[in-house]
1. For residue 339, work out the one condition from (1) part of a helix (DSSP H, G or I); (2) under 30 Å from residue 249 (Cβ atoms) it doesn't fulfil.
2. Considering only residues that are touching a helix residue (DSSP H, G or I) at 6+ places or on another chain (Cβ under 7 Å), at pLDDT 90 or above and either loosely packed, with under 14 Cβ neighbours inside 10 Å or over 22 Å from residue 384 (Cα atoms) (or both), which ones fall in the range 67-104?
3. Which residues, counting only those in the range 342-354, are in contact (Cβ under 8 Å) with a residue 12 or more places away in the chain and either surrounded by fewer than 17 Cβ atoms within 10 Å (Cβ to Cβ) or on the phi > 0 side of the Ramachandran plot (or both)?
4. Being in contact (Cβ under 8 Å) with a residue 40 or more places away in the chain and not in a helix (DSSP H, G or I), is that true of even one residue in the range 24-41?
5. Taking the range 150-180, which residues are in contact with a helix residue (DSSP H, G or I) (Cβ under 6 Å, 6 or more places away or on another chain), surrounded by fewer than 18 Cβ atoms within 10 Å (Cβ to Cβ) and within 30 Å of residue 227 (Cβ to Cβ)?
6. Residue 286 fails exactly one of the following numbered conditions: (1) out of contact with any helix residue (DSSP H, G or I) (no Cβ under 8 Å at 6 or more places or on another chain); (2) under 25 Å from residue 191 (Cβ atoms). What is the number of that condition?
7. Conditions first: (1) under 26 Å from residue 408 (Cα atoms); (2) surrounded by fewer than 17 Cβ atoms within 10 Å (Cβ to Cβ); (3) within 19 Å of the chain's Cα centre (by Cα); (4) modelled with pLDDT of 90 or more. Residue 224 passes all but one, so which condition is the exception?
8. Which of (1) over 24 Å from the mean Cα position of the chain (by Cα); (2) assigned to a helix (DSSP H, G or I); (3) over 30 Å from residue 298 (Cα atoms) is the odd one out, the single condition residue 419 does not satisfy?
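The values are calculated or read from the model by the stated rules, or taken from the named source; none is laboratory data. Given the structure is predicted, the values throughout are model-derived calculations rather than measurements. Don't worry about glycine lacking a Cβ; one is built from the backbone with ideal geometry, like all the others, and counts go over all protein chains shown.
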């Protein structure tokens, strides 16, 4: 017999993988040049990117930042580059950026909208990052909706406090009635109590307290609001209020009570069937015709209401889709635990439905925020309306791309931030049920 062994007695040393299969070279080979068709698409795409950047980058960076008019901008361009074509005149942004951000808000009060924005981020922190921020900050989140209008509009402090007392009165009535009767009657009683306070008693309370202890800050008229600040204000209110209203409408549309169901269906279908600009014209021109003579209904408040109702109708359908995606077993499981309707919705059904609906909810948020530019059509000087007013100035007549590029960058930052947070929340909650 042969003594030659066919079993290896020791392992061969490991060898590094080929350089063409790993690292950047490997990634490029497998993702960009994996075949002849992909190679052609890659080369065409690279040429398109080069063509765009070769025009955009010189226009952006070979530009004028200090000038008092478009004519002066062009003179500087001719003296520096010998041509006015292909160079941006960012001097208009340098000259009017405060107006684009704050509109006609008094310059000595700029600290108030800035403080309101900072406090907004603080109020959102415990809501958006509940696992990283102390839950005690939720108290400030509940206070902020009453603090923000006072900072923006000014006036007496007793107005926001009176609005907060309406919610306190409604909650007190709801607690008492729901314990003695039912939760439905408690909700109805709480809503009626809050409305009675706001419509009939609030003005007397504010007048009495203001005469006894006048505390307030300088008032600012709504006609002085404008710029990107107005877009942020309208967007935050529409987004923050439309979500709970949308949840109620979605639940109402699935209700077994026919009158509730048909009211919700009628509202949703009517709002979704009418363009937003039509609702804004109604808020601007027609709404006052249905109010008592001499009524002063603030134009910004009217726009807020219409934009909120418009967003709520779309939000209701997004959430209804999340509710429809839940299996029947979730409802049966809630019944087997002995939970009533509202407990089942709060603890089992709605958290899952909202988790499924995150992409649609954020898309609706982004859409309504971008739709705030439509208010320029009804005479409000948002950032787009101010851009048109700046272009009408003789000093900047003829400028175009620079203003709208700046406005687009502002909206992109906010919308992209919302989109990235949506992706973070989906990964955190694992909406794919992995």
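1. Result: residue 339 fails condition (1) only.
2. If the condition is that a residue be touching a helix residue (DSSP H, G or I) at 6+ places or on another chain (Cβ under 7 Å), at pLDDT 90 or above and either loosely packed, with under 14 Cβ neighbours inside 10 Å or over 22 Å from residue 384 (Cα atoms) (or both), then 73 is the only one that fits.
3. If we filter the range 342-354 for residues that are in contact (Cβ under 8 Å) with a residue 12 or more places away in the chain, which is where we start, we get 342, 344-345, 347-350, 352-354.
Within the range 342-354, 342, 347 qualify.
4. Filtering the range 24-41 down to residues in contact (Cβ under 8 Å) with a residue 40 or more places away in the chain leaves none.
No, because not a single residue in the range 24-41 is in contact (Cβ under 8 Å) with a residue 40 or more places away in the chain and not in a helix (DSSP H, G or I).
5. 164
6. That leaves (2) as the condition not met.
7. (3)
8. (1)
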